[in-house]
Amino acid sequence: MSYFLFLPIPRIDKMAIPTPNPNTPPHFRLPAMPSPVSRTIAVVGAGAAGLCAALELRREGHKVVVYERENQIGGTWAYTPEIETDPIGVDPSRNIVHSSLYASLRTNLPREVMGFRVYPFVASRKPGRDGRRFPGHGEVLEYLRDFAEEFRLRELVRFGSEVWHVGLMEDRKWMVRSRKRSGSEGNKDDEVYDAVVVCNGHYTEPRIAEIPGIEVWPGKQIHSHNYRVPDPFRDQIVVIIGGATSADDISRDISKVATEVHITSRSIEIGRLGKLSGHDNIWLHSMINSVHKDGKVAFQDGTQVRADVILHCTGYKYHFPFLETNGIVSVDDNRVGPLYKHIFPPALAPWLSFIGLPRKVVPFLLFEFQSKWIAGVLSGRIPLPSKEEMMRDTEAFSSSLEASGIPKGYTHRLDADQFEYDDWLAAKSGSPLTEEWRKKMYFAAGRMKRSMPEMYRDHWDDEDLISQAHEDFKTRSTVGSV
């Protein structure tokens, strides 16, 4: 599961985001606006995005209810050993497991970069906590619990409440229908809200590679969403599809017990094909050409292996099974749209919004910027362009991607444009721009990952940036007005 780091794609002027003026003071003076209005707002999901949204919405004076299908906060960061009944994740009747974490997962960003600005992710002194700079997933969950406790967010969450319908009513309000996970008829609930903020994440609905001959191939398939530990792959020959962080991590995890591990990816350079340096049982291949009923997997580089398992580390689909907008918002080839700045559907703005759709970003930071903008827009403190202007901007963005040959599925992949996007949101909401140390540390971590893919989490060379980050943290109050 690749959360944060990236290999940059060619830069284009994707969103016509103005370049911030470096001489502008850290805080921006917003134009005079009418007195803020308090709205009733439903937030779907109590992961990192939903918690951040709840904080900023309540700070703005809104009345907030957060719906969470599980009995704890954390979203995808709440690890469970449970996997779905369909290991490849294509059966619509399967039991749904929200989290995609594997037991050995560590962050691929340093904690200084990763944390919310309002609540820095510093090492905790509490017993049993993970103080590493690139901690395991359990430490991230503990951080989110600390964040929720610090700002009294748990009191806003309805645990065990699964939203099964969000629909627009005739008076432009939203009906939110939920049910308790027990499923009994008496546990259903209908409530009406002024606005809905969708924070349900995008690491639950697997994307699967299309493989010629797969219908007759006798082996087992699994998506990384259902990978937890390497033990089931002991003494097996495993083919892993993917070139991102999850494929890197899982291949090395499985190689400890598997007979052979073969990684296939379109991003592998020809000069790197063959046995992976430093490993006796990991090979790199070009893309799969075909698979056969005798169990063989043939690669485009001319090699082939007889494999037991194909493991798809191929990403996820955006999925909103509860949302009914009469066709106004749809998912087309993994593009959610039309959306203004990845957040507002122009025809429904500001009463419906999405947090956390962009990929290949520093997620918690992005959640914070998006949440502040949404909260201010809903109160009337921050104006939005007209629906026509937002639609023209959205169409121009889509046209720029198409003209540059970028597929629809890359619409929400920001990569190197993320900080320009963040700073645009910051300017709109009157927040300080992204810290320079944070940007530099992010790119430094990326360079270390590429040069030392198996050691970057425990070796680094940006001590000066670490010092800058901690000096910055000292100037902040972790407790805001809630």
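The values are calculated or read from the model by the stated rules, or taken from the named source; none is laboratory data. Quick caveat: nothing in here was measured; it's all calculated off a predicted structure. So basically every Cβ, Gly included, is an ideal-geometry build from the backbone, and we count neighbours across all protein chains shown. Heads up: the accessible areas ignore ligands, DNA and RNA and are worked out on the full protein's heavy atoms, side chains in. Shrake-Rupley method; radii C 1.70, N 1.55, O 1.52, S 1.80 Å.
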**Q.** Odd one out for Ile208, checked against (1) within 19 Å of Ile83 (Cα to Cα); (2) open to solvent by less than 30 Å² (accessible area, probe 1.4 Å)
**A.** (2)
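Give Pro36, Pro81, Pro127, Pro92 a once-over and let me know the one that is crowded, with 16+ Cβ neighbours inside 10 Å, out of contact with any strand residue (DSSP E or B) (no Cβ under 7 Å at 6 or more places or on another chain) and not in a helix (DSSP H, G or I).
Details: Pro81 fails: crowded, with 16+ Cβ neighbours inside 10 Å; Pro127 fails: crowded, with 16+ Cβ neighbours inside 10 Å; Pro92 fails: crowded, with 16+ Cβ neighbours inside 10 Å.
On inspection, the qualifying residue turns out to be Pro36.
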Q) Mind checking whether some residue in region 109-117 is surrounded by fewer than 16 Cβ atoms within 10 Å (Cβ to Cβ) and at pLDDT 95 or above? A) no
Q: Please specify each residue of region 152-175 satisfying the condition of being open to solvent by less than 30 Å² (accessible area, probe 1.4 Å) and under 24 Å from the mean Cα position of the chain (by Cα).
A: Leu153, Leu156, Val157, Gly160, Ser161, Val163, Val166
Q.
Which numbered condition in (1) over 27 Å from Phe320 (Cα atoms); (2) in contact with a helix residue (DSSP H, G or I) (Cβ under 9 Å, 6 or more places away or on another chain); (3) in a helix (DSSP H, G or I) is the only one that Phe121 fails?
A. (3)
Q | Inter-residue pairs, beta-carbon under 6 Å, first open to solvent by 50 Å² or more (accessible area, probe 1.4 Å) and in region 221-243, second not polar (S, T, N, Q), 6+ apart | A | Val229/Ala103; Arg234/Val257; Gln236/Ala258; Gln236/Asp308; Gln236/Val309
Q | Qualifying positions in region 244-262 - surrounded by 18 or more Cβ atoms within 10 Å (Cβ to Cβ) and in a loop (DSSP other than H, G, I, E, B) | A | Ala244, Ser255, Ala258
Q: Hey, can you tell me all the residues within region 380-430 that are free of Cβ contacts under 8 Å to residues at least 24 places away in the same chain and surrounded by 15 or more Cβ atoms within 10 Å (Cβ to Cβ)?
A: Phe419
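Looking only at region 200-219, count every residue that is under 25 Å from Thr76 (Cα atoms) and not hydrophobic (A, V, I, L, M, F, W, C) and tell me the total.
As a first pass, look at region 200-219 and keep what is under 25 Å from Thr76 (Cα atoms): 200-209.
Filter once more, so that each one left must be not hydrophobic (A, V, I, L, M, F, W, C): 200-207.
Within region 200-219, residues that are under 25 Å from Thr76 (Cα atoms) and not hydrophobic (A, V, I, L, M, F, W, C) number 8.
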**Q.** Count of residues meeting criterion [out of contact with any strand residue (DSSP E or B) (no Cβ under 7 Å at 6 or more places or on another chain), surrounded by 15 or more Cβ atoms within 10 Å (Cβ to Cβ) and not in a loop (DSSP other than H, G, I, E, B)] in region 130-151
**A.** 11
Q: Go through Ser267, Ser330 for me and flag whichever is of a type in the set (Gly, Ala, Ser), surrounded by fewer than 18 Cβ atoms within 10 Å (Cβ to Cβ), under 27 Å from Pro407 (Cα atoms) and not assigned by the TED database to the domain that holds Ser104.
A: Ser267
Q.
I need every pair where a residue in region 307-318 that is acidic (Asp, Glu) has its Cβ under 8 Å from the Cβ of a residue that is open to solvent by 20 Å² or more (accessible area, probe 1.4 Å), sequence separation at least 6 or different chains.
A. Asp308/Gly219; Asp308/Lys220; Asp308/Gln236; Asp308/Ile237
Q. Filter region 304-327 for residues that are more than 25 Å from Glu170 (Cα to Cα) and of a type in the set (Val, Ile, Thr); which is most open to solvent (accessible area, probe 1.4 Å)?
A. Thr314
